[in-house]
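The values are calculated or read from the model by the stated rules, or taken from the named source; none is laboratory data. Fair warning: this is a prediction, and the values are worked out from it, not measured in the lab. Cβ placement follows ideal geometry from the backbone for every residue including glycine, while neighbour counts extend to all protein chains displayed. SASA here: full protein model, heavy atoms, side chains in, ligands and nucleic acids out. Shrake-Rupley method; radii C 1.70, N 1.55, O 1.52, S 1.80 Å.
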Amino acid sequence: MRGLTVSVRWVAETDEAASQMLDAFQSVQAQVRRRENLGGDEMYEIGATAGVIAVRVGRVIAVVEAGSPTGAAARLAKSVAVRLEERDRALRAAEAKRLAEEREKEAGRRVSDPPRAP
């Protein structure tokens with residue numbers, strides 16, 4: 001494979017913000033084709049050939065560029081999407097666990113005995 005690049009271009013505050021960023025990015029490109037069959041939340045082939053693909057998973061937008069062979073960018077973009085989806089699931093699970101632990105701690109503080117008068 002020649003000329004292979006995978007780069008994370010943006011990490012947005014929210015999924016919606018990332019979707020808007022990707023929409024803005026693809027809207028200024030000359031030739032864009034939406035890809036539905038490779039995974040991720042959104043994916044676009046950019047340019048006259050299938051050598052550049054932008055993929056969004058959650059808050060992350062990555063761009064895959066592969067010079068040859070034909071189809072290499074699509075295969076790599078699919079792998080990138082799978083890996084980002086795994087990472088996104090793990091991060092969301094960790095955040096849910098952290099929030100549950102915080103709620104549990106807060107509930108434990110509320111149940112404690114009130115201070116007694118001297």
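Scan the range 29-52 residue by residue and report those that are part of a strand (DSSP E or B) and within 19 Å of ASP15 (Cα to Cα). Across the range 29-52, the qualifying residues are ARG34, GLU42, MET43, TYR44.
Please count how many residues of the range 1-50 are among the basic types (Lys, Arg) and touching a residue at least 24 places away in the same chain (Cβ under 8 Å). Walk me through how you get there before you give the answer.
Initially, the range 1-50 is screened for residues among the basic types (Lys, Arg), giving 2, 9, 33-35.
Restricting the remaining residues to those that are touching a residue at least 24 places away in the same chain (Cβ under 8 Å) gives 2, 9, 35.
Result for the range 1-50: 3.
For ALA93, the stated conditions hold: it is farther than 17 Å from VAL6 by Cα and outside any loop (DSSP other than H, G, I, E, B). Count of the range 42-65 residues, restricted to those that are at pLDDT 90 or above and touching a Gly at 6+ places or on another chain (Cβ under 7 Å), is 4. Condition check for GLU85 on (1) open to solvent by 20 Å² or more (accessible area, probe 1.4 Å); (2) out of contact with any Lys or Arg (no Cβ under 7 Å at 6 or more places or on another chain); (3) on the phi > 0 side of the Ramachandran plot: one failure, at (3).
Listed here are the residues, each with its yes/no results for (1) within 14 Å of the chain's Cα centre (by Cα); (2) surrounded by 18 or more Cβ atoms within 10 Å (Cβ to Cβ).
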{"site": "GLY40", "(1), (2)": "yes, yes"}
{"site": "MET43", "(1), (2)": "yes, yes"}
{"site": "ALA48", "(1), (2)": "no, no"}
{"site": "VAL60", "(1), (2)": "yes, yes"}
{"site": "VAL63", "(1), (2)": "yes, yes"}
{"site": "GLY67", "(1), (2)": "no, no"}
{"site": "GLY71", "(1), (2)": "no, no"}
{"site": "SER79", "(1), (2)": "yes, no"}
